[in-house]
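Trainee: A single structure is presented below for examination.
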Amino acid sequence: MDEREFGRSHQHASVVGLGTWQLGADWGDVDDKEALAVLEAAAESGVTFLDTADVYGDGRSEQTIATFLSSRPDLHVLVATKMGRRLEQIPQNYVLDNFRAWNDRSRRNLGVDRIDLVQLHCPPTPVYSSDEVFDALDTLVAEERVAAYGVSVETCAEALTAIARPGVASVQIILNPFRMKPLREVLPAAREAGVGVIARVPLASGLLSGKYTKDTVFAADDHRTYNRHGEAFDQGETFSGVDYETGVEAAAEFAALAPEGCTPAQLALRWIIQQPGVTTVIPGARSPEQARANAAAGKMPPLSEETLTAIRDLYERRVKDQVEPRW
């Protein structure tokens, strides 16, 4: 699989990575054996970028990655984790002492002395404008606790503020055929600055797989049940902020655009990979089969202009007005 560079840090990632939120919590139950099988399938398919966070299963996702990588010393994988959501989400908690404590915990969980990439985990908006916060992140690099740092954001405005910081190596943002605003505002700025772009929620929490109907019932411990209206965290993290019924209808139209031999999920991933400025896309997977199918999108031919135009039209007709004013 092709790899792309995070310009400022000169690190590399496969164009399709693996998001590992689901290996920790919030997507229903995934047992340890299945989680390790997902990681193995991804690695065997050419994935060299894993994205996790210290709060995914209260460290379970990080620990699972460590277990897997300890059994595969032959692999060269870039592991990115996130920090900042272990305390109340207020700017006063984003200080060096807390960063060191969170970093210590993640390094123990991951079994490493230095983390490849650490990201602020969707902090409050004022954090992006704090010189003290980014000075503290620079200190983590100077202390060789982390090789590089980035941010995971909710809005395009937050992304643009972060990109202006000279030490930021990457921005992680929701980008998919139901969330196109970053194409206009974020990707050009990131490309010019040499900042990597990690595209998350690429399948709109599974909507773009085309598997769900209005009658689909998700488990009680699945965020697609308990966070549809932002009850637990930002609503944009669930179904990309699109109303579920609207999303199901739009997803059915989207699925019909898939070329022969391409699933709707692969169509969504291929669309993201083609956007200039994207470094890697991080779909999750709950089975080895899903991991392999997702990775295969990284090796598919580019989509035609006709397909790209049809996807854009669908977004503008059905989804744009719901999401662009908020994110």
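The values are calculated or read from the model by the stated rules, or taken from the named source; none is laboratory data. These numbers come from a predicted model, not from an experiment. Cβ atoms come from the backbone with ideal geometry, glycine included; neighbour counts cover every protein chain shown. The protein model used for the area step is the full one, side chains on, heavy atoms only, and it has no ligands, DNA or RNA in it. Shrake-Rupley method; radii C 1.70, N 1.55, O 1.52, S 1.80 Å.
Trainee: Need one word for the chain: rounded, prolate or oblate. Basis is the Cα gyration tensor (sqrt eigenvalues a ≥ b ≥ c); a/c below 1.5 gives rounded, then a/b vs b/c decides.
Mentor: Taking the square roots of the gyration eigenvalues as a ≥ b ≥ c, the chain is rounded.
Trainee: Work out from phi, with θ = phi - 60° and the Karplus expression 6.51 cos²θ - 1.76 cosθ + 1.60, the ³J(HN,Hα) of each residue of the stretch 113-129, listed in order in whole Hz, and give x for Gly and Pro.
Mentor: 7, 9, 8, 4, 8, 10, 10, 5, 9, 6, x, x, 3, x, 4, 5, 9
Trainee: Take the alpha-carbon centre of the stretch 147-203, take the same for the stretch 36-72, and report the distance between them in whole Å.
Mentor: That distance is 23 Å.
Trainee: Accessible area of the stretch 235-311 with a 1.4 Å probe: how many percent of it is carbon plus sulfur?
Mentor: About 53 percent, which is the carbon plus sulfur part of the accessible surface.
Trainee: Loop by DSSP (not H, G, I, E, B), at most 13 other beta-carbon atoms within 10 Å: where is the longest site-free stretch of the chain for GluC sites (Glu not before Pro)?
Mentor: Working: sites that count: 88, 143, 144, 231, 260.
The answer is 1-87.
Trainee: Sticking with this one: State, to one decimal in nm², a quarter of the convex hull surface area for the C-alpha atoms of the stretch 117-214, i.e. the direction-averaged projected area.
Mentor: Taking the Cα atoms of the stretch 117-214, their convex hull projects to 7.1 nm² on average.
Trainee: Carbon and sulfur atoms: what percent of the 1.4 Å accessible area of the stretch 1-43 do they account for?
Mentor: Looking at the stretch 1-43 in its full context, I get 44 percent from C and S.
Trainee: Next question. Report, by chain and number, residues whose modeled amide H sits under 5 Å from the one on residue 197, excluding near sequence neighbours (fewer than 5 apart, same chain).
Mentor: 171, 279, 280
Trainee: Let me ask you something else. For the chain, what is the relative contact order in percent, using Cα pairs closer than 8 Å and at least 6 residues apart in sequence?
Mentor: 22
Trainee: What whole number of Å gives the distance from the Cα centroid of the stretch 79-119 to the Cα centroid of the stretch 208-250?
Mentor: Between the Cα centre of the stretch 208-250 and that of the stretch 79-119, the gap is 29 Å.
Trainee: Determine the relative contact order of the stretch 1-87: mean sequence separation of Cα pairs under 8 Å and six or more apart, normalised by residue count, in whole percent.
Mentor: 31
Trainee: Something else now. Of 264, 90, 24, whose Cα points farthest to the positive end of the dipole of the chain (charges on the beta-carbon: +1 Lys, Arg; -1 Asp, Glu; origin at the Cα centre)?
Mentor: 264
Trainee: Which translational diffusion coefficient, to the nearest whole µm²/s, is obtained for the stretch 267-313 from the Stokes-Einstein equation, given a Kirkwood hydrodynamic radius over C-alpha pairs, 20 °C and 1.002 mPa s? Can you show the working numbers first?
Mentor: Details: Rh = 11.6 Å.
This corresponds to a translational diffusion coefficient of 184 µm²/s.
Trainee: Here is a follow-up. Once every DSSP H run of n ≥ 4 in the chain is given -39500 (n - 2.57) and the sum is divided by its residues, what mean residue ellipticity at 222 nm do you get, rounded to the nearest 500 deg cm²/dmol?
Mentor: About -11000 deg cm²/dmol.
Trainee: Setting aside same-chain residues fewer than 8 positions from residue 320, which aspartates and glutamates have a Cα under 17 Å from its Cα?
Mentor: 154, 185, 237, 243, 245, 249, 253
Trainee: Nearest 5 is fine: what % of DSSP beta bridges in the chain come out antiparallel, could you say?
Mentor: In the chain, approximately 20 percent of DSSP beta bridges are antiparallel ones.
Trainee: Report for the stretch 58-196 the percent antiparallel among DSSP-assigned beta bridges with both residues inside it, nearest 5.
Mentor: Just about 5 percent of them are antiparallel.
Trainee: Mind giving me the nanometre distance, one decimal, between the label points for residue 324 and residue 2, set 7 Å out from Cα along Cα→Cβ?
Mentor: Inter-label distance under the simple model: 2.7 nm.
Trainee: Let me ask you something else. Taking θ = phi - 60°, what integer Hz values does the Karplus form 6.51 cos²θ - 1.76 cosθ + 1.60 yield along the stretch 191-204, in sequence order, with x for Gly and Pro?
Mentor: The phi angles translate into 4, 5, 8, x, 9, x, 10, 9, 8, 10, 6, x, 10, 6 Hz.
Trainee: Another one. Could you calculate the contour length gain from residue 211 to residue 74, that is, 0.36 nm times the residue separation minus the distance between their Cα atoms, to one decimal place in nm?
Mentor: 45.7 nm
Trainee: Per residue of the stretch 312-327, in order, report the coupling 6.51 cos²θ - 1.76 cosθ + 1.60 (Karplus, θ = phi - 60°) as ³J(HN,Hα) in whole Hz, putting x for Gly and Pro.
Mentor: The phi angles translate into 4, 4, 4, 4, 5, 6, 10, 10, 3, 5, 6, 10, 5, x, 9, 10 Hz.
Trainee: What is the set of long-range amide H partners of residue 145 at a cut-off below 5 Å, with H atoms built 1.01 Å from backbone N?
Mentor: none
Trainee: In a Debye calculation with equal point scatterers on the alpha-carbon sites of the stretch 181-327 and no solvent, what is log10 I(q)/I(0) at q = 0.13, 0.14, 0.16 Å⁻¹?
Mentor: Debye intensities relative to I(0), on a log10 scale: -0.60, -0.70, -0.93.
Trainee: Right, another one. With a 1.4 Å probe and every protein chain kept in, tell me what percent of the accessible surface of the stretch 125-175 is carbon plus sulfur.
Mentor: Answer for the stretch 125-175: carbon and sulfur cover 52 percent of the accessible area.
Trainee: Continuing with this model, one more query. Counting pairs of Cα atoms in the stretch 45-95, how many percent are more than 18 Å apart?
Mentor: Details: 531 of 1275 pairs.
In whole percent, the long-distance tail amounts to 42.
Trainee: Then there is this: Relative to the longest principal axis of the C-alpha atoms of the chain, give the angle of the C-alpha long axis of helix 60-71, reported between 0 and 90° and rounded to the nearest 10°.
Mentor: 80
Trainee: For the Cα atoms of the chain, what angle does the longest principal axis make with the long axis of helix 96-110, in degrees from 0 to 90, nearest 10?
Mentor: 70
Trainee: Using R₀ = 25 Å, calculate the FRET efficiency as 1/(1 + (r/R₀)^6) where r is the Cβ-Cβ separation of residue 233 and residue 87; round to 0.05.
Mentor: It comes out at approximately 0.95.
Trainee: How much accessible area per residue does the chain have, counting only protein heavy atoms and a probe of 1.4 Å, in square angstrom?
Mentor: 40
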